[in-house]
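The values are calculated or read from the model by the stated rules, or taken from the named source; none is laboratory data. Computed from a prediction, not measured in an experiment: that's the story for all the values here. Using ideal geometry, Cβ is built from the backbone for each residue, glycine included, and neighbour counts are taken over all protein chains shown. Surface accessibility is based on the protein's heavy atoms, side chains included, excluding ligands, DNA and RNA. Shrake-Rupley method; radii C 1.70, N 1.55, O 1.52, S 1.80 Å.
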Amino acid sequence: QVQLVESGGGLVQAGGSLRLSCAASGRTVHAMGWFRQTPGKEREIVAAISWNGGSDYYSDSVKGRFTISRDNAKNTLYLQMNSLKPEDTAVYYCASRRWINVAGSPSEYDYWGQGTQVTVSS
């Protein structure tokens, strides 16, 4: 089993920045990702990163503003979010999968954190 715990969410004004962290424990994790979800909508991929950070993926809506990274020595995943917009408001989830390559669908991930709320005010 893998346990994932997110932190770093909060309230920020439009144009501001936040950094989310996800601490992993348990079995070794491989590829990881950040997803987000708003009420009434499906969970969507934000960004994903391979086991060694060698490859990554970003959704078009965050490309150029968000950066995903990981520190395997600390078993921690990060999401640096800059130039935040009100439409970035959502619950953000950290996820991991038992494969080394990135994936974009929630169904391809095996473990999930509890989520952290990000609210961007206009």
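Some points to look at:
- Residue that is surrounded by the fewest Cβ atoms within 10 Å (Cβ to Cβ), among those in region 1-31 that are assigned to a loop (DSSP other than H, G, I, E, B) and β-branched (Val, Ile, Thr): Thr28
- Here Asn52 passes the criteria (1) open to solvent by less than 70 Å² (accessible area, probe 1.4 Å); (2) of a type in the set (S, T, N, Q); (3) over 28 Å from Val120 (Cα atoms) except the one numbered (1).
- Within region 83-122, the set of residues being among the aliphatic types (A, V, I, L, M), within 16 Å of the chain's Cα centre (by Cα) and farther than 15 Å from Ala24 by Cβ comprises Leu84, Ala90, Val91, Val102, Ala103, Val118.
- Residues in region 1-35 that are in contact with a Lys or Arg (Cβ under 7 Å, 6 or more places away or on another chain), closer than 17 Å to Tyr109 by Cα and not aromatic (Phe, Trp, Tyr): Gln1, Val2, His30, Ala31, Met32.
- In region 32-45, the condition of being surrounded by 16 or more Cβ atoms within 10 Å (Cβ to Cβ) and more than 23 Å from Glu87 (Cβ to Cβ) is met by at least one residue.
- Candidate set from region 13-27 (those that are closer than 18 Å to Gly113 by Cα and over 18 Å from the mean Cα position of the chain (by Cα)); member that is modelled with the highest pLDDT: Gly26
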